[in-house]
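Below is one structure, written out as structure tokens; comments come after it.
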């Protein structure tokens with residue numbers, strides 16, 4: 001009705017300017033409905049929930065500093081003679097890419113700082129994603145409904161690795177060129193198409209004149225474009241699913257307890273962006289990263305010792321270093337297994353952790369939503385698998401840095417290589433068993449604590465001379481927190497012969513599933529949590545011991 | 001409970017109050033969820049002076065940030081870009097980089113610290129609970145969506161008019177081929193390029209460092225020298241690509257110490273010419289141990305015995321380094337007697 005509209009607009013006309021702008025935007029974008037659902041959205045608090053924020057903020061910092069760097073960087077492999085202000089390289093032949101990186105470092109005021117923030121932020125971004133992924137993994141935050149977001153995060157990690165690799169290859173310095181050469185050698189090992197891929201990637205033979213320009217567009221446009229989309233999707237899903245929380249008084253699977261987005265979370269999260277940026281800037285002020293001027297321009301016939309990729313590529317370096325040099329020649333062809341097998345294990349290592357949520361949900365057959373996080377000890381098999389994976393990852397990192405270990409600890413490089421070869425197979429198994437034991441031990445301790453109370457540290461002497469430690473009973477809050485987790489029963493296959501004496505066919509996959517389920521929830525894999533009866537029995541006074 | 005074994009009169013009174021102070025809200029189920037704990041006020045909630053102090057701290061942090069930004073601009077303007085400064089314990093570093101980084105870091109950090117301190121001490125810290133709703137749609141919604149989809153599919157007649165369906169799939173499947181074809185000119189076909197290097201019969205071996213042709217007398221036993229083919233100069237457009245294949249590593253070993261027969265035949269007075277490019281993934285080999293005649297690739301530690309046909313004795317390389325046949329020309333200079341007889345560098349499918 002027109003009268004209503006006019007009164008409304010009159011009423012709105014008197015509103016403060018901010019409100020009028022908001023009204024204007026709402027009429028076109030519908031922001032009020034969005035804000036209604038989100039402005040006071042609740043976010044739970046826990047230190048480990050910051051890890052994802054570190055990733056988000058370092059990603060933003062990388063984009064900001066990266067855009068600045070593109071203003072000065074020349075992605076060209078034209079050979080030029082250097083006449084800039086860095087004296088030791090005067091008169092040297094180098095690519096324009098390398099020269100412009102020197103210019104950014106020595107002639108653009110603040111260029112070195114931005115370059116170093118960019119590189120440090122990339123290292124922190126990858127490390128942050130790794131740790132954030134582990135947080136999500138060990139607390140079971142990947143379970144339904146968050147499996148897709150787990151995959152988005154995983155893709156971000158993998159794309160981040162390749163964005164990092166293409167990025168540190170751009171300056172065309174001696175170290176990064178060596179990394180590119182390694183990549184070319186690995187591509188050549190691919191059966192049938194390897195040579196062709198290599199020629200298409202490098203525009204001919206290695207190194208050619210093309211790869212810096214090609215890597216540049218991949219590094220600044222293609223990969224970050226995809227990643228930006230994934231980051232947005234990741235965040236939308238975090239908002240949509242609402243954040244997970246740890247078990248505790250008042251916290252259930254049907255609610256989310258914490259502080260509202262406006263103002264507390266906005267101030268904390270917004271402030272945290274500045275904290276991360278500030279720390280990265282300070283680190284870049286005092287700690288030199290990737291001093292390309294000390295390495296010199298790339299020459300395919302030169303190399304320095306101690307060549308190492310950035311840390312997140314280290315495990316692939318380990319794979320390639322410890323693999324025996326198997327080569328099979330047949331019918332005029334060569335199968336370069338010594339390089340091709342590591343090249344194939346590289347994605348497999350990553351995929352193993354990516355598909356785990358789907359394996360777990362298949363084994364457990366659990367189709368419910370989970371918003372309460374597990375304590376790692378209460379999911380011993382999952383925790384053990386995660387630790388085994390991390391162990392494998394770090395064993396490979398040791399392999400990737402075998403020369404550094406050898407020179408710093410005066411060890412034989414051959415011995416380290418053999419150690420890694422054996423540990424590649426043995427260490428994850430040992431880590432699995434040990435972790436599971438530790439988890440079960442911690443479960444026992446929790447049970448003990450629930451039933452007998454907290455060790456108070458107070459020693460008492462009884463009239464007949466015996467010394468005892470006083471145990472302090474837990475509050476109901478603590479009792480609830482320690483007993484809130486579920487303990488599912490392992491999957492039963494059911495009898496193989498039904499009541500009519502007919503043999504039922506059990507599929508092999510079902511048998512495997514039952515076996516794995518026993519591994520997850522069998523007697524060997526969890527300590528039954530204390531029951532109310534047990535608790536009452538002990539606390540009622542009859543339970544003298 | 002252990003304490004229940006003890007007669008009452010023997011228990012210190014102070015401890016008694018801390019003991020048994022726990023009251024279970026639910027006698028039936030001691031493990032039941034007691035609900036959200038009551039809010040505990042912070043000192044700022046009850047003492048306005050403490051709140052004022054927090055306010056001043058936040059304002060101070062924001063002020064420091066402003067000063068740091070002024071410092072950043074001042075450093076940018078006043079400190080020369082090439083000035084170096086000694087900072088303990090880091091050493092000599094760029095003064096400008098240090099000043100800009102520290103002031104920028106301080107300016108940003110103080111904004112962050114101020115905001116977080118404000119949120120932690122002055123904003124309400126009452127915990128609130130939001131309800132969650134199942135992600136899955138209600139059955140009615142699901143049924144409606146399915147019906148709509150079936151209706152739409154039926155109206156499109158995609159299932160009934162197979163000709164349209166099949167030709168559409170055909171067209172959609174074919175058109176991405178154009179994109180694939182467009183990638184063809186990314187590079188030339190490999191052909192036999194990986195099999196040939198610049199070396200050919202009569203090409204002199206030129207010292208990489210001095211740019212002079214080498215004579216046998218330039219190489220002493222135990223030395224390691226890098227060489228390139230004559231005519232290849234650093235300024236050449238194809239220099240990088242050619243040196244990536246042609247780079248040569250010369251060692252001189254007492255002829256009696258050379259174990260491999262063919263290796264000895266292809267050498268000249270104990271001078272052996274091997275490809276410098278590792279057969280693993282192509283790093284240049286640059287570490288040589290003259291006592292054992294082992295050459296080590298610094299990238300992945302493949303180790304080759306240069307006295308035994310450059311056989312792989314450790315590491316991930318799959319085959320020996322190719323050897324170049326060398327001799328001496330009429331003027332006494334070292335020359336190649338042909339190209340390598342096998343591809344240099346990493347192995348590949350067509351290598352054979």
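The values are calculated or read from the model by the stated rules, or taken from the named source; none is laboratory data. Here the structure is a predicted model, which means the values were calculated and not measured. Virtual Cβ from ideal backbone geometry, glycine too; neighbours counted across all protein chains shown.
A few comments on the model shown:
- Counting residues in the range A:267-279 that are without any contact (Cβ under 8 Å) to a residue 12 or more places away in the chain and more than 8 Å from chain B (Cβ to nearest Cβ) gives zero.
- Where residue A:489 falls short, out of the listed (1) under 26 Å from residue A:384 (Cα atoms); (2) surrounded by 12 or more Cβ atoms within 10 Å (Cβ to Cβ); (3) more than 14 Å from every other protein chain (Cβ to nearest Cβ): (2)
- Hits in the range A:242-266 - residues which are within 7 Å of chain B (Cβ to nearest Cβ) and in a helix (DSSP H, G or I): A:263, A:264
- Candidate set from the range A:277-292 (those that are within 23 Å of residue A:85 (Cβ to Cβ) and in contact with a helix residue (DSSP H, G or I) (Cβ under 6 Å, 6 or more places away or on another chain)); member that is surrounded by the most Cβ atoms within 10 Å (Cβ to Cβ): A:284
Listed here are the residues, each with its yes/no results for (1) buried (at least 21 other Cβ atoms within 10 Å of the Cβ); (2) farther than 30 Å from residue A:41 by Cβ; (3) touching a strand residue (DSSP E or B) at 6+ places or on another chain (Cβ under 8 Å).
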site: A:264; (1), (2), (3): yes, no, no
site: A:275; (1), (2), (3): yes, no, no
site: A:298; (1), (2), (3): yes, yes, yes
site: A:302; (1), (2), (3): no, yes, yes
site: A:310; (1), (2), (3): no, yes, no
site: A:322; (1), (2), (3): yes, yes, no
site: A:327; (1), (2), (3): no, yes, yes
site: A:331; (1), (2), (3): no, yes, no
site: A:334; (1), (2), (3): yes, yes, yes
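- Among (1) more than 11 Å from every other protein chain (Cβ to nearest Cβ); (2) over 30 Å from residue B:103 (Cβ atoms) - the single one residue A:77 does not satisfy: (1)
- Meeting the requirement of 1 or more residues that are over 25 Å from residue B:255 (Cβ atoms), the strands (runs of 3 or more DSSP E) wholly within the range B:276-324 are B:311-314.
A quick yes/no check of all residues on (1) part of a loop (DSSP other than H, G, I, E, B); (2) at pLDDT 95 or above; (3) more than 30 Å from residue A:480 (Cβ to Cβ); (4) in contact with a helix residue (DSSP H, G or I) (Cβ under 7 Å, 6 or more places away or on another chain):
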| position | (1), (2), (3), (4) |
| --- | --- |
| A:325 | yes, no, yes, yes |
| A:329 | no, no, yes, no |
| A:340 | no, yes, yes, no |
| A:344 | no, yes, yes, no |
| A:347 | no, yes, yes, no |
| A:361 | no, no, no, no |
| A:368 | yes, no, no, no |
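- Residue under evaluation residue B:337, criteria (1) within 11 Å of chain A (Cβ to nearest Cβ); (2) at pLDDT 95 or above, criterion not met: (1)
- Among the residues listed as A:425, A:385, the single one being away from every other protein chain (no Cβ under 14 Å) and out of contact with any helix residue (DSSP H, G or I) (no Cβ under 9 Å at 6 or more places or on another chain): A:425
- Of note, residue A:233 does not satisfy the criterion of being touching a helix residue (DSSP H, G or I) at 6+ places or on another chain (Cβ under 9 Å), within 7 Å of chain B (Cβ to nearest Cβ), farther than 24 Å from residue B:237 by Cα and touching a residue at least 24 places away in the same chain (Cβ under 8 Å).
- Among the residues of the range B:75-87, those that are out of contact with any helix residue (DSSP H, G or I) (no Cβ under 8 Å at 6 or more places or on another chain) and under 24 Å from residue B:110 (Cα atoms) comprise B:77, B:78.
- Test for residue A:338: is it in contact with a strand residue (DSSP E or B) (Cβ under 9 Å, 6 or more places away or on another chain) and in the same structural domain as residue A:141 (by TED's automatic domain parsing): no
- Taking the range A:170-229 as the region of interest, the helices (runs of 4 or more DSSP H) fully inside it that hold 3 or more residues being more than 7 Å from chain B (Cβ to nearest Cβ) and within 25 Å of residue A:59 (Cα to Cα) are A:174-188, A:211-217.
- Test: residue in the range A:131-139 that is buried (at least 18 other Cβ atoms within 10 Å of the Cβ), at pLDDT 95 or above and either within 13 Å of another protein chain (Cβ to nearest Cβ) or more than 15 Å from the chain's Cα centre (by Cα) (or both): no
- Here the range B:95-148 is the region considered, the condition is being closer than 30 Å to residue B:71 by Cβ and touching a strand residue (DSSP E or B) at 6+ places or on another chain (Cβ under 7 Å), and the residue that is surrounded by the fewest Cβ atoms within 10 Å (Cβ to Cβ) is B:95.
- Conditions (1) within 12 Å of another protein chain (Cβ to nearest Cβ); (2) surrounded by 23 or more Cβ atoms within 10 Å (Cβ to Cβ); (3) within 22 Å of residue A:61 (Cβ to Cβ): number failed by residue A:156: (1)
- Residue check for residue A:440: within 13 Å of chain B (Cβ to nearest Cβ), touching a helix residue (DSSP H, G or I) at 6+ places or on another chain (Cβ under 8 Å) and under 29 Å from residue B:35 (Cα atoms): no
- Lone qualifier among A:324, A:309, A:291, A:300 - being within 10 Å of chain B (Cβ to nearest Cβ) and closer than 23 Å to residue B:240 by Cβ: A:300
Results for (1) at pLDDT 95 or above; (2) touching a helix residue (DSSP H, G or I) at 6+ places or on another chain (Cβ under 9 Å); (3) over 21 Å from residue A:257 (Cβ atoms); (4) more than 7 Å from chain A (Cβ to nearest Cβ), shown as yes or no for each residue.
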| residue | (1), (2), (3), (4) |
| --- | --- |
| B:103 | yes, yes, yes, yes |
| B:108 | yes, yes, yes, no |
| B:116 | yes, yes, no, no |
| B:131 | no, no, no, no |
| B:134 | no, no, no, no |
| B:141 | yes, no, yes, yes |
| B:144 | yes, no, yes, yes |
| B:148 | yes, no, yes, yes |
| B:158 | no, yes, yes, yes |
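- Restricting the range B:269-294 to residues that are under 19 Å from residue B:334 (Cβ atoms) and buried (at least 19 other Cβ atoms within 10 Å of the Cβ), the residue that is nearest to the other protein chains (Cβ to nearest Cβ) is B:276.
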